[in-house]
Structure formats: structure tokens, C-alpha cells
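One structure is given below, encoded as C-alpha cells.
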Amino acid sequence: MKNRQSYLNTLLEFLDKEVIKVVTGVRRCGKSTLLKLFTEELKNRKIPKKNIIHINFESMKYRDITEYNLFYDYVAERIPENGKTYLLIDEPQNVIGWEKAVNSFKVDFDCDIYITGSNARLLSSELSTLISGRYVEIDLYPLSYKEYLDFHGIEKNDKTFQDYLKFGGFPSIVELGENVDRINDVLDGIYNTVIVKDVIAKNKIKDEELLQKIVAFLADNVGNSTSSNSIANSLINEKRIENTKKAPATSTVESYIGALEKAFVFYEAKRYDVKGKNLLKTLGKYYIVDIGLRNMLLGYRDVDRGHILENIVFLELKRRGYNVFIGKVDEKEVDFIAEKASHKMYIQVCETLGNDETLKRELAPLLSIQDNYEKLIITNDKTFVESYEGIKVKNTADWLCE
């Protein structure tokens, strides 16, 4: 069982704090394993085994716990007489009214609660009302490149970086080496489970074919500005849907994309007007949760590498706790504006700065921003030039391993 130390450290920072810890992320990204690692850490801290209750509702062991009263009774019977109880609960969404049980645990017992979920509906449910202000959400993603190296026990070099760009970071592919067929089988299994369990079933999707077409379109257009209306029209124009069919309603496309976002398959980066200092309502961009998943869906094509790198950088910024936007500066575009409480930076992502024209194009949006926040170009180039006019330049793999 490989360690996810940064996420484990985050959980430990909240150990014994009053807030409920909610770990969310796409299915099979390692949430249950994280709770197992956390359990081992509790044992190492001499927490008695009887004071740790771990329930994984993905297991048939708990198939009879279908309603909140049964959930409550199961836990209440196992609360020890002495000491704090640590409740670790995986995927409780299918238990009717589970939020009421969790809220009651906080009221009735001396307990520290940790929950995982594979759908954002977990926090848009009654739970957010019942425990408003008393929970913290921890976003879990597939392996970063740095974690990928650690899991495989390999060094950072051109080959391992290209493998990461090809196969992605789902933990379950680590033991498969470079067996593309087996990796595809695993990724296909993850994809179908997510689509069936976390998208179609939970959102009562009626047109599965349309959903699959939207997934393929978004995967093929990571890093491109899109809107629900343009997607609907493109599905017809590119013959992704039979010409005999009408373009799907914009509202339907919006709801299906929303369902994919709730299942953490895609993330949207909204556009932000740097000078006007306001969010724009149109032409955001979507990025997929794992680049290996994209390659499985579309085939392993050595094209559009710039947008693939954008996707990798976007996810890494999210892992590092940033809110990420697309920047608009007059008619120019900044690939990413990354913000969190302690830091802000502007980022351009470019596969290579191989000629003066490309360098000038990438520098222009950053140079037009007059504030003093960090400005950075991330590129696959390996160069001794560390900055241009105060704008830092970093190699992609080096930056990912910082």
C-alpha cells in the first residue's frame, strides 16, 4: 500500500478538530486507500483498535444498511465506552438519509469523522445544511508526476515523463508496467464505472449516447474555449450525432456537463478579466481529471501536446490548492491565473519556446499585466535561461517535482 503523504499530512492537520473531514475525488483515485493509511497512522499513535470504526459502503458487507436509522444503530452499537471514536466512512451516498446519521454522531458521541465520496452531490445534499460551517473538503486527485515516480520507484527523466503523459496517474495502473492493453482495460473499467454509477445513475441520464458524445468532445477539446451552445452545434457539424437528429438542447448539454463535473471527470476553468477584475460568463475551458483516461478514450495520439501539457499543469495547480482561471487581458489570453490565500501567479504553458516568434507570443500577455505577482512560463524546453524580463521560465517536469 503506497503512501500519499501530502494528503495524509492534510488529514493529520485536522486530527481531532471539530470539523468533519470530507475527502472527494473521482472514483478509484485512492480515497479508500487514504483512509486505510490514516487508520495505520492512528494505530501508530496508540489509538485502540476498538476506537476506530471504518465502514466502506462499496463492500457487500454493509448491503443491509440502506437507511440512516440502520446506519446510526450499527455505529452506536460499536461506540466504545471510553475515549474518542474515529469514524471513517467510505461512499455513504446510497444510504437513504445518511446525512442525518452523521449529524447525530456529532451530537451524541465523542467522535472524529472522516468521509469519502466520488460525487460532488455528497456536499450539495442535506449534509451541507445540517453541518454548515462544520466540515472541510479535501480534494483528492490521481497521482501527480512526483507521486507517479515514487509509486513506480523510478527517476525523473524524459522517458518517465512521457510515460506519465501517456498513461496518466490512476494508482491502479502502477503494477501494469507499460502493458498498454492491460492499462486500457483498467482505465476503461474505471471510466465505465464512473459513467454508470456516478453520472448516469445518480443524475438519471436519459440519453447515454449523447452523454458519451459529450465526453468524447470535451476530452478532444481540453484547453479549448467552449460553451454548451457551441458543443451542441459541434456535435452535429462534426457528425458525432447523426445528421437526421436535431442539435441537442443547450440545457441538456449543460446538465450533462454538470453531471460529469459532479463526478469529477472534468473540471471547468472560468475566464477572468484581469483589468476589469471580474469573472466572465462565457468561453471557459474544460480539463479532464486524468490524461491517461483521455488517451484511452481518444487513442494514443502524439498531437495537440500543448493542450495536454495545459491539462497536466491545471491539475497540478489544483493539487497544490489553487483556484484556477483563464486570464483575459484585452484581446490576449493568459493560460492560467492561479490564486490561493497566500499566493497568486500568472502562467503560460508552451511545449517549446523554440523560436523568437513563439517566445514573443508567450511573453506578450504576461508583460501586459502591470501588477507585481509572480509570472511564469512552463515549457518542455531544457534551457539555462531562467527568466525573460523578470518572467520566470521552468521546465515542466522540474516544476511538477518541486
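Scanning the stretch 316-334 for any residue that is in contact (Cβ under 8 Å) with a residue 40 or more places away in the chain, part of a strand (DSSP E or B) and not hydrophobic (A, V, I, L, M, F, W, C) turns up at least one such residue.
Of all the listed residues (F105, F71), the sole one being in contact with a strand residue (DSSP E or B) (Cβ under 8 Å, 6 or more places away or on another chain) and assigned to a helix (DSSP H, G or I) is F105. Of the residues making up the stretch 15-34, just one is crowded, with 20+ Cβ neighbours inside 10 Å and over 18 Å from the mean Cα position of the chain (by Cα), namely I20. Look at (1) within 19 Å of L35 (Cα to Cα); (2) surrounded by 16 or more Cβ atoms within 10 Å (Cβ to Cβ); (3) touching a Lys or Arg at 6+ places or on another chain (Cβ under 8 Å) and you find that V102 fails only one, number (3). When restricted to residues that are hydroxyl-bearing (S, T, Y) and without any contact (Cβ under 8 Å) to a residue 24 or more places away in the chain, the stretch 352-374 contains 1. Once the stretch 4-14 is narrowed to residues that are surrounded by 15 or more Cβ atoms within 10 Å (Cβ to Cβ) and out of contact with any Lys or Arg (no Cβ under 7 Å at 6 or more places or on another chain), the residue that is farthest from S104 (Cα to Cα) is R4. Filtering the stretch 99-130 to residues that are under 17 Å from A263 (Cα atoms), of a type in the set (G, A, S) and at pLDDT 80 or above leaves G117, S118, A120. Suppose we keep only residues that are touching a Cys at 6+ places or on another chain (Cβ under 9 Å) and of a type in the set (V, I, T) within the stretch 359-402. Which one would you say is nearest to D273 (Cα to Cα)? Selected residue: I377. Considering the stretch 335-350 alone, what residues qualify as being of a type outside the set (A, V, I, L, M, F, W, C), over 16 Å from A364 (Cβ atoms) and either part of a strand (DSSP E or B) or within 19 Å of the chain's Cα centre (by Cα) (or both)? Across the stretch 335-350, the qualifying residues are E339, K340, H343, K344. Restricting the stretch 131-141 to residues that are on the phi < 0 side of the Ramachandran plot and of a type outside the set (A, V, I, L, M, F, W, C) leaves a set whose member that is modelled with the lowest pLDDT is S132.
The set of residues in the stretch 162-187 being in contact (Cβ under 8 Å) with a residue 24 or more places away in the chain and either among the acidic types (D, E) or touching a Gly at 6+ places or on another chain (Cβ under 8 Å) (or both) consists of K166, F167, G168, G169, F170, P171, I173, I183, L187. Does D290 count as free of Cβ contacts under 8 Å to residues at least 40 places away in the same chain and of a type outside the set (G, A, S)? No, not satisfied. Which residues, counting only those in the stretch 1-56, are in contact with a strand residue (DSSP E or B) (Cβ under 9 Å, 6 or more places away or on another chain), over 20 Å from E316 (Cβ atoms) and assigned to a loop (DSSP other than H, G, I, E, B)? Hits for the stretch 1-56 are F14, L15, D16, K17, E18, V19, I47. Residue-level check: of (1) buried (at least 18 other Cβ atoms within 10 Å of the Cβ); (2) among the small types (G, A, S); (3) touching a strand residue (DSSP E or B) at 6+ places or on another chain (Cβ under 9 Å), A263 misses just (3). Can you name every residue in the stretch 365-399 that is surrounded by 13 or more Cβ atoms within 10 Å (Cβ to Cβ) and assigned to a helix (DSSP H, G or I)? Scanning the stretch 365-399 gives P365, L366, L367, T396, A397, W399. The residue list Y286, Y256, Y267, Y272 contains one member that is part of a strand (DSSP E or B), more than 30 Å from Q162 (Cβ to Cβ) and at pLDDT 90 or above, which is Y272.
The values are calculated or read from the model by the stated rules, or taken from the named source; none is laboratory data. Here the structure is a predicted model, which means the values were calculated and not measured. All Cβ positions, glycine included, derive from the backbone under ideal geometry; neighbour counts span all protein chains shown.
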